[in-house]
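Undergrad: There's a structure below that I have some questions on.
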Amino acid sequence: MSRIGIIGAMELEVETLKKEMKVTRRVKKAGMEFNEGELNGAQVVVVRSGVGKVNAALCVQVLVDIFEVTHIINTGVAGSLNAKLDIGDILISKTALHHDVDATNFGYPIGEVPQLGIKEFPADEKMIELAKETCAKVLPELHTLVGRVVSGDQFIAEKAVKERLINVFQGDCCEMEGASIAHGAYLNDVPFVILRAISDKADDSAQMDYPTFEKAAAEHCAKLVKALVPNI
Ligand code: ADE
């Protein structure tokens, strides 16, 4: 049977799932609380990683080593980099990459971690398809896009910075953990998908929009994750 690690960076992104699951064991590790149990009939471990790429990577390794998860889902909110993605809409990752990695001086493509041999981490095809089908069923009013997540240790709230992420990386949404989770999942050979609801447009309005829309956006993702897990 699958055992699915579900990572959200902030409490708001995991609180609904934690309320709705039956927790059988709580383990504290690396400053994080791992909630193991059952959600909608599926075996899951739900955890708030904390914000940013270091927290996210540590969280993946604990999920793999201690909980032996077979799949990883990253849920939460993101800034939109694609005009087709409005606030509240859903992005399902096809791939994820680091937008704050630059070893171009050594001949590596922008975004590629030296000596890794891969720049973009591909999400699991089956999980993408299931997420798409589930979205259409449980969130039919929302627009869903399968695309590229770009991640870095910055909140993007400036038009010029947003445009660079579009022009240089062709990102569809930006956030602060996805690529790191994808990177960790890749190194451990664990299938993953990133599911993000749009909370802001990553431009000069982002600082205002984010607190206004983050709760509703996070709820969209929680609904999707809950419906998705029994099918994985
Ligand atoms: N998460 C949600 N919105 C974001 C943004 N604009 N930049 C980075 N992470 C985000």
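Quick note: the coordinates plus some simple rules give every number you see, no bench work behind them. Values in this document were obtained by computation on a predicted structure and should not be read as measured data. With ideal geometry, Cβ positions are generated from the backbone for all residues, glycine too; neighbour counts draw on all protein chains shown.
Undergrad: Based on this model, can you work out whether residue 113 counts as away from the ligand (no atom under 16 Å from the Cβ), closer than 20 Å to residue 171 by Cα, over 18 Å from the mean Cα position of the chain (by Cα) and not basic (Lys, Arg)?
TA: Here the answer is yes, as residue 113 does meet what is asked.
Undergrad: Spot the failing condition for residue 70; the list is (1) loosely packed, with under 14 Cβ neighbours inside 10 Å; (2) touching a residue at least 40 places away in the same chain (Cβ under 8 Å), and only one is missed.
TA: (1)
Every residue, every condition in (1) without any contact (Cβ under 8 Å) to a residue 24 or more places away in the chain; (2) within 12 Å of the ligand (Cβ to nearest atom); (3) part of a helix (DSSP H, G or I), yes or no:
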{"site": "162", "(1), (2), (3)": "no, yes, yes"}
{"site": "167", "(1), (2), (3)": "yes, no, yes"}
{"site": "171", "(1), (2), (3)": "no, yes, no"}
{"site": "174", "(1), (2), (3)": "no, yes, no"}
{"site": "180", "(1), (2), (3)": "no, no, yes"}
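Undergrad: Of everything in region 140-160, what is under 25 Å from residue 57 (Cβ atoms) and in a strand (DSSP E or B)? Give them in sequence order.
TA: Those that are under 25 Å from residue 57 (Cβ atoms) and in a strand (DSSP E or B): 146, 147, 148, 149, 150, 151.
Undergrad: Hey, another quick one. State the number of residues belonging to region 90-128 that are under 26 Å from residue 229 (Cβ atoms) and touching a Ser or Thr at 6+ places or on another chain (Cβ under 7 Å).
TA: 7
Undergrad: Under the condition of being within 14 Å of the chain's Cα centre (by Cα) and of a type in the set (Val, Ile, Thr), which residue from region 8-53 is surrounded by the fewest Cβ atoms within 10 Å (Cβ to Cβ)?
TA: Top of the filtered list is 51.
Undergrad: Something else now. Out of (1) within 16 Å of residue 88 (Cα to Cα); (2) crowded, with 24+ Cβ neighbours inside 10 Å; (3) not polar (S, T, N, Q), the odd one out for residue 145 is which?
TA: Condition not satisfied by residue 145: (2).
Undergrad: Yes or no: residue 126 part of a helix (DSSP H, G or I), surrounded by 15 or more Cβ atoms within 10 Å (Cβ to Cβ) and among the basic types (Lys, Arg)?
TA: No.
Undergrad: Now, a different point. Mind checking which residues of region 79-119 are in a loop (DSSP other than H, G, I, E, B), more than 28 Å from residue 204 (Cβ to Cβ) and not aromatic (Phe, Trp, Tyr)?
TA: 103, 107, 109, 112, 113, 114, 115, 116, 117, 118, 119
Undergrad: For the condition buried (at least 18 other Cβ atoms within 10 Å of the Cβ) and touching a Pro at 6+ places or on another chain (Cβ under 8 Å), what is the one hit in 157, 197, 185?
TA: Residue meeting the stated conditions: 185.
Undergrad: Using the structure shown, decide if residue 120 is under 22 Å from residue 196 (Cβ atoms), without any contact (Cβ under 8 Å) to a residue 12 or more places away in the chain and not hydroxyl-bearing (Ser, Thr, Tyr).
TA: no
Undergrad: Regarding region 182-205, can at least one residue be identified that is closer than 29 Å to residue 2 by Cα, of a type in the set (Ser, Thr, Tyr) and away from the ligand (no atom under 13 Å from the Cβ)?
TA: yes
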